[in-house]
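Below is one structure, written out as structure tokens; comments come after it.
The values are calculated or read from the model by the stated rules, or taken from the named source; none is laboratory data. Fair warning: this is a prediction, and the values are worked out from it, not measured in the lab. Here Cβ is always computed from backbone atoms with ideal geometry, including for glycine, and neighbour counts include all displayed protein chains. What goes into the accessible areas is simple: the full protein's heavy atoms, side chains included, and nothing from ligands, DNA or RNA. Shrake-Rupley method; radii C 1.70, N 1.55, O 1.52, S 1.80 Å.
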Amino acid sequence: MNRRSFFGVSAPALLPLLGGGKASDFLPADKPIVISTWAPNVKANAEAWKVLQAGGAALDAVHAGVQVPEADPDDQSVGYGGLPDRDGKVTVDSCIMDEHGNIGAVAGLEYILHPVSVARMVMEKTPHVMLVGYGALQFALQNGFKKTNLLTDKSKKAWQAWLKESKYDPQATIKNIEQRIKENHDTIGMLALDANGNLSGACTTSGMAYKMHGRVGDSPIIGAGLYVDNEVGAATATGLGEDVIRICGSHAVVELMRSGLTPRDACKAAVERLIKMRGRDRVAQTQIGFIALNKKGEYGCFSLRDNFTMALRTKEKEEVIPSPFLM
Ligand code: ASP
């Protein structure tokens with residue numbers, strides 16, 4: 001399989017970005033820096049970069065960055081155009097965390113184009129940290145967000161095709177992920193270190209395709225899909241949310257960095273923790289992947305299986321780093 005079919009995007013568009021996972025990819029980068037889960041999110045990084053380059057805050061950078069796939073109808077695992085749940089409803093999950101430990105999240109939210117903005121509003125304008133379902137929608141509408149139909153024709157057709165078999169099999173995640181990579185997208189988790197040395201992160205998704213209505217994955221859960229500790233570093237996750245939640249994945253990665261591991265080794269140790277806890281048989285059909293960034297600007301990623309990628313943007317480079325993996 002060549003790089004073109006691997007990433008499912010045109011070679012000319014991507015080849016200059018490919019880093020190949022050289023040792024130098026994991027050396028400290030000058031501030032500012034932004035990293036995201038998955039190759040196509042070079043576009044999201046570019047948006048975040050505009051904020052960082054202008055001396056803006058990491059929080060504003062990740063907020064602006066993750067809005068790119070949220071609004072992209074071709075991205076069928078985030079926001080508008082996301083694949084629906086098994087009842088045909090597109091429900092989105094999102095969270096955001098800043099350098100002060102401020103957090104906000106929404107889960108099972110329908111009809112809102114930018115769930116990350118609602119999550120930020122939960123963080124900034126309420127005494128709470130998470131709103132779900134109808135309550136989250138009510139809050140969004142009361143605060144000026146407009147109702148948008150997130151189900152595109154393309155995703156509706158995919159759901160109708162799925163309905164013929166209606167095979168609800170969350171374990172088929174590897175297949176889902178290979179399919180998603182071919183289609184060039186997945187959940188976005190984004191981490192940034194700004195020029196002032198502050199860290200923030202955001203994570204946003206439409207979650208697992210054809211999930212049960214009401215299912216919430218790791219992505220909006222602080223500690224699972226995202227964690228930021230401004231003293232140490234930040235981490236975010238993608239893959240089978242149930243398995244990321246099981247190990248409080250992103251929090252685990254940050255704590256492993258606190259104990260002295262590099263971002264890459266911390267991500268690897270979290271993946272190993274899942275295997276140790278569950279045994280190889282139970283993780284035989286799943287994929288999880290982490291990316292992490294520490295206070296020094298060192299970054300890294302690691303996944304359970306092949307095919308995970310991290311998108312990176314610094315002053316010197318814009319590239320896609322294929323993740324090292326265990327199985
Ligand atoms: N982590 C997301 C979820 O479980 C999906 C993904 O990243 O593929 O909802």
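Considering only segment 293-304, state which residues are surrounded by fewer than 21 Cβ atoms within 10 Å (Cβ to Cβ) and in contact with a helix residue (DSSP H, G or I) (Cβ under 7 Å, 6 or more places away or on another chain). Outline the logic, then answer.
If we filter segment 293-304 for residues that are surrounded by fewer than 21 Cβ atoms within 10 Å (Cβ to Cβ), which is where we start, we get 295-298.
If the condition is that a residue be surrounded by fewer than 21 Cβ atoms within 10 Å (Cβ to Cβ) and in contact with a helix residue (DSSP H, G or I) (Cβ under 7 Å, 6 or more places away or on another chain), then 298 is the only one that fits.
Quick test of your reading of the structure: residue 282 fulfils all but one of (1) open to solvent by 10 Å² or more (accessible area, probe 1.4 Å); (2) over 20 Å from residue 207 (Cα atoms); (3) within 16 Å of the ligand (Cβ to nearest atom). Name the failing condition by number.
Tallying (1) open to solvent by 10 Å² or more (accessible area, probe 1.4 Å); (2) over 20 Å from residue 207 (Cα atoms); (3) within 16 Å of the ligand (Cβ to nearest atom), residue 282 fails exactly one: (3).
With the condition kept exactly as written, say whether any residue in segment 202-221 is open to solvent by 10 Å² or more (accessible area, probe 1.4 Å), part of a loop (DSSP other than H, G, I, E, B), among the hydroxyl-bearing types (Ser, Thr, Tyr) and within 15 Å of the ligand (Cβ to nearest atom).
Yes, there is a match, as at least one residue in segment 202-221 is open to solvent by 10 Å² or more (accessible area, probe 1.4 Å), part of a loop (DSSP other than H, G, I, E, B), among the hydroxyl-bearing types (Ser, Thr, Tyr) and within 15 Å of the ligand (Cβ to nearest atom).
Among the residues of segment 225-246, write down those that are surrounded by fewer than 24 Cβ atoms within 10 Å (Cβ to Cβ) and more than 9 Å from the ligand (Cβ to nearest atom).
Once the filter is applied, which keeps residues that are surrounded by fewer than 24 Cβ atoms within 10 Å (Cβ to Cβ) and more than 9 Å from the ligand (Cβ to nearest atom), segment 225-246 yields 229, 230, 231, 232, 246.
For segment 160-198, enumerate the residues that are modelled with pLDDT under 90, under 28 Å from residue 309 (Cβ atoms) and assigned to a helix (DSSP H, G or I).
162, 173, 174, 175, 176, 177, 178, 179, 180, 181, 182, listed by residue number.
Filter segment 100-138 for residues that are assigned to a helix (DSSP H, G or I) and among the aliphatic types (A, V, I, L, M); which is nearest to the chain's Cα centre (by Cα)?
116
Residues are listed down the side, and each one gets a yes or a no for (1) buried (at least 24 other Cβ atoms within 10 Å of the Cβ); (2) among the basic types (Lys, Arg):
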residue	(1), (2)
57	no, no
62	yes, no
82	yes, no
89	no, yes
97	yes, no
103	no, no
123	no, no
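Of (1) at pLDDT 95 or above; (2) within 13 Å of the ligand (Cβ to nearest atom); (3) open to solvent by 50 Å² or more (accessible area, probe 1.4 Å), residue 108 satisfies all except one. Which?
Unmet for residue 108, out of (1) at pLDDT 95 or above; (2) within 13 Å of the ligand (Cβ to nearest atom); (3) open to solvent by 50 Å² or more (accessible area, probe 1.4 Å): (3).
Just need a number here: residues in segment 62-86 that are of a type outside the set (A, V, I, L, M, F, W, C) and more than 16 Å from the ligand (Cβ to nearest atom). Even if it seems obvious, please write down each step before you answer.
Filtering segment 62-86 for residues of a type outside the set (A, V, I, L, M, F, W, C) gives 63, 65, 67, 69-70, 72-77, 79-82, 84-86.
Now drop any that are not more than 16 Å from the ligand (Cβ to nearest atom), which leaves 63, 65, 67, 73-74, 80.
Of the residues in that region, 6 qualify.
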